[in-house]
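Below is one structure; the comments refer to it alone.
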Amino acid sequence: MDSVRPFRAFVSYCHADKVFAAWLQRRLEAYRLPRRLADQVTPLPGQAPGRIGPVFRDREDLSAATDLSAAVREAIAASSALVLVASPDAARSQWVAREVALFRELHPAAPVLVALARGEPTESMPEALCTGPEPLAADFRKQGDGKRLAFLKIVAGLAGLPLDALVQRDAQRQVRRVTALTAAATALVIVMALLLGLALRARADSERRRAGAEGLVEYMQTDLRDRLRGVGRLDIMAGVNQRALGYYDSEVELPDDSLVRRARVLHSSGEDAEQGGHLNDARVMLTEAYRATSAVLARKPRDPETIFAHAQSEFWIGELAWRGDDRVAATRHWRAYRDQARALSQVEPGTVRSLMEQGYAEGNLCALDYSDRFNLNEAARHCGEAIRYEVAALAKAPNDRVILRDLANRHGWMGRVRFAQKNFPDALANRLSERRLMDRLLTLDPANADYALRRSWADIAIGQILIDSGQPARAAALLERAWRDFEPRLAIEKNYTVWSTGLRLQLFLARANKLAGQAKHQEYRAQAEALGLRVRQEFPDMSKQVRALLEDIN
């Protein structure tokens, strides 16, 4: 080993934490400091500006060493900081203890940074750290700082930078990533819209051209829509949906399959309007879709695509009724949705689609019986059925992201029901299952805005359970981390669902801090009041819901 080679840090860990230690070393060496902060950190000799590394990790870097003790001493002597991967196993490791003691002997004033990987802090710290200066600790556990914030804490400690500055720059990077993804998706929308326009002008009587144009519509309503949902920019779809409807409306007479596709475009447009808080616009489009699918179903009662499309119509009309506090109409349409889901299972038994539709239908009825605490036992039964169907679907398609997302949602609803029944342990178990599923999805697609939003819902619910079960301090810590992750989204997404989620998060954060006796609750409450005013101004149709939130969460 080159004894004069300097290291930014020496990573000390036990064998049980080797995977985490390897990940941490790679992340640190690959991390690029934000441009406006990079000039504040002096690079090591031979190192590119703006980089943290090199970082020494003995099992990796000592593969060719002939004298382990001498090599470790050289590496520690050449390191500016020590990063200890803490865990119960590390606390019992004599090797880790010797490395800590040696580092403090050679560098008594140098920083020691603790990366808590597993276990509780009290059982994960080597005795060597119990004396001397208190080390900077970063809790990588989900119930702690979380990987993102904990990693930035380690970077700040190694680079000698303020943590707040790094967090702010990291949030700005996230905004730029979303902006880049949005630009790419917008370009794709423009291309698809142009192709659809060409198909419209050239359609004549060609069945082949009609099929090609409708293939574009199908792509835009499925794959492209999912991509735009993932970056939180479904608003880009508005122009595409209008062009698609223009294509269908230009036809003198549409065959049944085209009527069904047109209804699906109306479903998408109505969903976007509903999520944007424009309920009147949503009602017009979804009612038109309902009439179309009803007519086609009467002519083709055994056609699976028609059954599926009419099931969606029944769902959306029921959704609008529920939004309008019309329980009778919502019950009628959502029971009809369940009937269509069962009919679909008869014509295509055991398919993922039919299983998921039955899961969705049972989930809707769970929500109905939960609403106003109408019938909590029935709600629990429906939610249990929904979970059963969707677990069966996931067994057939283990990596299907739609199933993972919606199974998380079902656990969330079951958590609501159990919470209303004051069954806090089971409610917490369901909410933790929801969060684990969303974490799995975020691992697959870290930049997905929809997944991050749903992850926030789980955090809010867990915070509420902790508050009501007498643990406000834990709730406050969890919700503060969730708010730091969530806040940048309010600057880039003008969407009622996002903004109302931010409002709920702030309100529960204020409540948790107040119950925990923390002075910051007044600051959080003032911020929530200001955000509530903004939401009412931006989405006047949703003023009633916003006022209810402000009154209910106090």
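The values are calculated or read from the model by the stated rules, or taken from the named source; none is laboratory data. On a predicted model such as this, the values are computed, not experimentally measured, just so you know. Neighbour counts run over all protein chains shown; Cβ positions are idealised from the backbone, glycine included. Side chains included, ligands, DNA and RNA excluded: accessible areas come from the protein's heavy atoms. Shrake-Rupley method; radii C 1.70, N 1.55, O 1.52, S 1.80 Å.
Observations, loosely collected:
- Over the range 437-538, the pair-distance histogram of Cα-Cα distances with 10 Å bins from zero comes to 16, 46, 31, 7 percent, rounded to whole numbers.
- Area of LYS494 that stays accessible when all protein chains are in place (1.4 Å probe, Å², to 10): 140
- ARG302/ARG323 FRET efficiency (R0 35 Å; Cβ-Cβ; nearest 0.05): 0.60
- Straight-line cross-link partners of LYS142 among the lysines, defined as a Cα under 26 Å from its Cα and at least 8 positions apart when in the same chain: LYS18, LYS153, LYS422, LYS514, LYS520.
- Backbone geometry of the range 414-430 corresponds, through the Karplus equation with coefficients 6.51, -1.76 and 1.60 at θ = phi - 60°, to 3J(HN,Hα) couplings of 4, x, 4, 4, 4, 5, 5, 7, 6, 8, 5, x, 5, 4, 5, 4, 5 Hz, x marking Gly and Pro.
- Distance between the C-alpha centres of the range 487-510 and the range 274-303: 30 Å, rounded to the whole angstrom.
- Taking the empirical scaling 2.2 N^0.38 Å for compact globular proteins as reference, the range 251-325 has a Cα radius of gyration ratio of 1.08.
- Prolate/oblate/rounded label for the range 390-506 (Cα gyration tensor, a/c 1.5): oblate
- Looking at the range 351-404, the chymotrypsin sites (Phe, Trp or Tyr not before Pro) that sit in a DSSP loop and have at most 12 other Cβ atoms within 10 Å of their own Cβ are PHE374.
- Shown for the range 399-465 is the translational diffusion coefficient from the Stokes-Einstein equation, using the Kirkwood radius over Cα pairs, a temperature of 10 °C and a viscosity of 1.306 mPa s: 137 µm²/s.
- Stokes-Einstein D for the range 434-483, Kirkwood Rh over Cα pairs, 4 °C, 1.567 mPa s (µm²/s): 116
- Residues whose amide H lies under 5 Å from that of SER12, counting only those 5 or more places away or on a different chain, are VAL83, LEU84, VAL85; hydrogens are built 1.01 Å from N in the peptide plane.
- Rg and Dmax [Cα atoms of the range 395-437; Å; Rg one decimal, Dmax integer]: 11.2, 34
- Cα-centred dipole magnitude for the range 433-484, charges only on beta-carbon of K, R (+1) and D, E (-1), debye, nearest 20: 120
- FRET E, pair GLU348, VAL391, Förster distance 22 Å, beta-carbon r, rounded to 0.05: 0.70
- Sparse packing (at most 10 other Cβ atoms within 10 Å of the Cβ) combined with a DSSP loop state is found for the following trypsin sites (Lys or Arg not before Pro) in the range 404-462: LYS422.
- Within the assembled protein chains, the solvent-accessible surface assigned to CYS383 is about 0 Å², based on a 1.4 Å probe.
- Here each label is just a point 7 Å from Cα along the line to Cβ, and for GLU29 and ALA447 those points are 2.5 nm apart.
- In a reduced charge model with +1 at each Lys and Arg Cβ and -1 at each Asp and Glu Cβ, the range 426-529 shows a dipole moment near 140 debye about its Cα centre.
- Principal axis dimensions, the range 287-440 - Cα atoms, whole angstrom, descending: 50, 36, 22
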